[in-house]
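Trainee: Pasting in a structure now, in structure tokens, and then I'll have a few things to ask.
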């Protein structure tokens, strides 16, 4: 069983391994992550680390409850946790200072 710390350590040491894992685990999430990462000048591993940091800082109680519930039912909590945090980051709506534009060329309102 792979734990979140193992996945993040692998991301630091081998971005390619993280990308291959994500492409295998959830191809659509991998594609969405690659697009979002590129839009902010990061690789997938950097984006994943940012997602974990942002989740820990900005996720609300409901987000945490959803994560904990999914971990409880998972046979692979590390991978489940990372995928959930990346998915959360992709869909998070927050203040302009901490948001990644959802569309290229998005304008401030």
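Trainee: Being touching a residue at least 60 places away in the same chain (Cβ under 8 Å), surrounded by 12 or more Cβ atoms within 10 Å (Cβ to Cβ) and outside any helix (DSSP H, G or I) is the filter here, so list the residues in segment 54-80 that pass it.
Mentor: First, pick out the residues of segment 54-80 that are touching a residue at least 60 places away in the same chain (Cβ under 8 Å): 75-79.
When the remaining residues are screened for being surrounded by 12 or more Cβ atoms within 10 Å (Cβ to Cβ), the result is 76-79.
Residue satisfying the conditions is 76 alone.
Trainee: Next up: How many residues, within segment 31-48, are within 13 Å of residue 89 (Cα to Cα) and buried (at least 19 other Cβ atoms within 10 Å of the Cβ)?
Mentor: Of the residues in that region, 6 qualify.
Trainee: I would also like to ask the following. Run down 83, 51 and say which single residue is free of Cβ contacts under 8 Å to residues at least 60 places away in the same chain and crowded, with 18+ Cβ neighbours inside 10 Å.
Mentor: That would be 51, the only listed residue that is free of Cβ contacts under 8 Å to residues at least 60 places away in the same chain and crowded, with 18+ Cβ neighbours inside 10 Å.
Rule-based calculations on the coordinates, nothing more; no lab input. This structure is a prediction, so every number in the text was calculated from the model and none was measured. Cβ coordinates were reconstructed from backbone atoms using ideal geometry, including for glycine residues, and neighbour counts include every protein chain displayed.
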